[in-house]
Every structure is written in C-alpha cells, then in structure tokens.
C-alpha cells in the first residue's frame, strides 16, 4: 500500500501548477528585476532593452508624484484599515446574536462585496455628484451643504474611504466566523465572575479573535497598495493628484507613458513595502495574537 | 432582579436590531436609488424625487443598444467559460497531487505555492504584458484565458487540497487494490467527492472574471473586444449616454453577480471562512 502514495506520479499531477509557476511567476519576476534596471521601448520591444543601472530607482526617489502616490496610499491605509476593522467587528458582533432575521441581515451586509468594482464605482459617481447625488440631497435635508466630493481635492480621498465602508461585508463575514469560534463557556464563566460587557469584550472577544484581526490587518494593508479600479474609474487620480494611489501611478507609468523599466522599479518598491509591513505585523503578532493551539500538522 | 436583567437584555437586543437596521438601510438605499435612477427620464435624474413618476423600463432596452452590451457580454463569456474549465480542472489536478502523493520536495513546493499567494500581482504584470506582446497576443483574449490552465491559482489549489485531505484514504486505496490507476482514482473518486470545494472555486472564478477590470484594461484595446466591466467604464461621460441608461447598464452588470451570490451564498461564506482560517 505504501506504493500508492510514495511515487513520482505526484509530479505529473502538480505539473500544470509548476509550469505556471515558472512561466507566469518566477520567469516574469526575474525579467521584471532586470527590467527595473533598464529602459524598454514599446516600439522596438525586447531587442532594444538598455541597461541603465540604478537610474530608475534614483529617478523615482526624486519623483514628486511617487511621494504623492505613497502619501495617498498611506493615508488611505492608515484611515481605512482601522476604521473598517472596528466597524466590521462591531457589526459582526451584532450579527452574531441569536435572534430572528439574522440570516437576512448577514445577506444584506455581505451583498455589496459581490458587486463588481466597476458597477460600485458607477453607482457612487452618481451618489457623490454634488448637485443631484443622493448624498448631498440627504445632507441638504439636515441643512448641510455637502462638498463637491470627487471634484474637490480635499474631499476626494475621503469620499473613496467613505464609499469603502459600503463594501466591508467581506471583512464582516471573516470576523463573524472568528466570533463563532469563541466558546460560549468563556462568556458564561466571565459573567458569573461579574465581568461586564466591556470587560468581556476586551478580555475575551478581542484576544479570541486576534488571529482574525491579524489576518485582516495584513490583507487591509496589501489591499491599500493594490487599490486600483475605483480610483481609475471614479477620479483617475485627480483632482490635483489627490487620489493618485500607488497602483494607479504604477499603471500610468507602465501602460500610459510606457515607461516599463521605471514601472518595474516601482513594482519592486511596492513589493518591498508590502513585505516590510507584513513582517512588522507578523513579528509584532506574538505580543498580541492568541492562538488557541489549533496547529495544522501535515 | 431577574426581571430587570431580563429587561436589560431585551433592551440590548432591540438597540442592536435598530443599529443593524440602520446599517442595512445604508446599504440598501444607494442600491434602490440606483435602480430608481435607471428607471427615470433624463429630466427626473436631476430632480428631487427618489422614485420616478412613471417607470421607464425602455431605458434598459435603450441602454443595451447605446452601449454595445451584447458584444461586451459575448466577450466576457468567451473569456469566462474557458477560464472556468481551466481553473477548476487544473487546480483540482494539482490539489490531488499535493493531497495524496508523497514525493521528494513536496513540502518545499507546497510552501512555495503558499508563498506565491503573498506576491503582489504588480510585480509580474509588466513582464507578462511584454511576454504576451512579443507573442502577438495583445488585443486578444488569450492573455486573460491561458494562465488559468496552469494550476488555476494558488488559493484554489489550497482550498481543494484541504478538502481532499479530509476524504478517507481507504477509498482510493481500495480502488487501487482493485487495479484502478491514479487517473481513474482522480476522475472517478476524488473529483465526485470534492464537489463542495470545486463549486466554491467555480463561483470565485466566475466572480473574479466578471469583476476583472485591470486585466482587460491592459490587454484589450479595441472597443469590440471589451468585456462588460471594461466597456461600462469606458461609456461613462460619453455625450450620447445618459445617466439613467448608464445606471440601467450598471444594474444589468450587477445582476448576474447578485443572482450567483443569492443562489450560492453558503459557498461564499465557507470560502471566505477558509481563507481567513489560513491566517496569512
């Protein structure tokens, strides 16, 4: 019987993935690395690749738009990641109650996250329209004169952050499944010991779902650096580059001005930033993430 | 004392339900407003009414002709169908390899597979574009289809592999004793038993292709090759396309995703839970 599992046929089964890894991941990574030290021309193609050393990186660090795109992305991540996490945890806790109609609420909260990003963007262009959008009309009922949102450099990024709240259903569901893994006995024992709602929240709920918080934090940071469709469709980086997300700037360099070498260098800087942040979160996790001994042994 | 704590509990649950209802309204009102805009006359779009006076269903038929909707739909399906087949089949194949065989270097390869999930797509996006450009595949559907046949994505392999490891080994070992080869075991035993994760992968793939924007944006240049997601955004702000029609087209693009979601909600919830259970 040993024969069944210990043979080379396994290689054949994973071959498609392995070829894909070489062709579409490792190969391109090597090529991209070389490209980031080169200039590449759209007309003459690969034959005219010209090695320029560190020029791309030097130019990037002198590029004002690079810093602007970093700023936009960091502000977005620093505001939206904690905001979405806190709102998601609170809503997930409410959705975790045993009450009639919860299934219906869960469906509603999750629904926006299956709507194509382009459709969401089109909807919100309408909603955020200063004159006939429903948001400013609703604000008007309370006597508030709403701003021009996407057309105003000081509100455009904020508008995208607000819009993002609409689609946190994904995160809510992840927290909900985390909450459902918290043993009921813990709450009952704490309640017998006289712990109130706040103490139960900070001493039981938060520690028990800390792995989920950890996962969502990493995903949130990575998500900020990959934010593209909404920014491209709704503002295309404007007004005055106030929504020039890093990924959008990278796209513009690569596919609008065809500076492929420069854009490749940008992509490696993006990779390094994501890695650094992920490592920071992983390294610091031992201080605040509690794993309930659920290791998965091979 | 008992009654007061009972009342307190009741009050908490009423307040909770109120908060949830307010949240649900925040989600539903923009959607309803979009639907209602799609049924208004151009004049009403700029007016103050939430609902249209008469429901202009013809906005929908005008929208699908003003925007070449059916061409975009056809293009989306030309990409979607092969990608579905390629992704489901090749990720199942690789998942079986990782779930049931012991070969040299398996652990290392599996770690490599998990590591690729962390790689941001931007790093490979540019060299892939150059590769496909050199092959003459730019402005064809090939760059959006072919990669799905090579493993179908690390996350999908992981998802199916986790499930396959839970299938009792006695089943395939018994078949092996009866003289079945691994291919037969794969197609006759493992695939039929792995329906739940295969369906989940198919649904995620559908959503991925239906929603994909950056891929078509990079590779498709001519309007008659656009997918729905790309086509919709390109018709924003064109002089002959009014907001009510644009919103009608937006609703039409949402609809299939919503239908799939409502029919297959349990797979969404399970798939997302599994992805978070990986904890990075």
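Each value in this text was obtained by applying a stated rule to the coordinates, not by laboratory testing. Since the structure is predicted, the reported quantities are computational estimates derived from the model, not experimental observations. Reconstructed Cβ throughout: ideal geometry from the backbone, glycine too, with neighbour counts over all protein chains shown.
Points worth noting:
- With the simple spin-label model, which puts each label point 7 Å out from Cα in the Cβ direction, the residue A:131 to residue A:54 separation comes to 5.4 nm.
- Among the residues of A:125-137, the average count of other protein chain beta-carbon atoms within 10 Å of the residue beta-carbon is 4.
- Taking every residue in B:102-109 and counting other chain Cβ atoms within 10 Å of its Cβ, the average works out to 4.
- On Cα atoms only, tilt of B:243-263 relative to the major axis of chain B in degrees: 40
- Between residue A:206 and residue A:44, residue separation times 0.36 nm minus the direct Cα-Cα distance comes to 52.6 nm.
- Shape of chain B from the C-alpha gyration tensor: oblate (a/c of 1.5 or more and a/b not above b/c, with a ≥ b ≥ c the square roots of its eigenvalues).
- Max mean-square fluctuation residue, GNM over chain B, Cα-Cα springs under 10 Å, options B:145, B:130, B:79: B:130
- Considering only A:276, A:218, A:14, the Gaussian network model of chain A with Cα springs below 10 Å gives its largest mean-square fluctuation to A:14.
- Three-way shape call for chain A based on the alpha-carbon gyration tensor, with the a/c threshold at 1.5: oblate
- The relative contact order of chain A, computed from alpha carbon pairs under 8 Å that lie at least 6 residues apart in sequence, is 26 percent.
- Cα gyration tensor shape of the stretch B:156-277, rounded if a/c is under 1.5, else prolate or oblate by comparing a/b with b/c: prolate
- In the protein assembly as shown, the DSSP-assigned H stretches of four residues or longer account for a calculated mean residue ellipticity at 222 nm of -20500 deg cm²/dmol, using -39500 (n - 2.57) per stretch and the full residue count as denominator.
- Residues A:21, B:144 in ascending order of nearby Cβ atoms (within 10 Å, fewest first): A:21, B:144.
- From least to most packed, judged by other beta carbons within 10 angstrom and beginning with the fewest, A:99, B:222 follow the order B:222, A:99.
- The residues B:212, B:48, when put in order of fewest to most other Cβ atoms within 10 Å, stand as B:48, B:212.
- Taking the C-alpha atoms only, the angle from helix B:106-116 to the longest principal axis of chain B is near 20 degrees.
- Highest average packing first - B:178-191, A:22-35, Cβ atoms within 10 Å: A:22-35, B:178-191
- Between helix B:265-277 and chain B: long-axis angle, C-alpha atoms, 0 to 90°, nearest 10: 60
- Contact order relative to length of chain B, as percent, for alpha carbon pairs under 8 angstrom and 6 or more apart: 30
- Paramagnetic reach from residue A:62 (point 7 Å along Cα→Cβ, amide N under 19 Å) across the stretch A:219-250: none
- With the cut-off at under 16 Å, measuring from each backbone N in the stretch A:75-109 to a point 7 Å along the Cα-to-Cβ line of residue B:266 picks out A:103-104, A:107.
- The stretch A:1-102: relative contact order in percent, alpha carbon pairs under 8 Å with at least 6 residues between: 12
- Test item: B:249-257 mean partner chain Cβ contacts at 10 Å: 4
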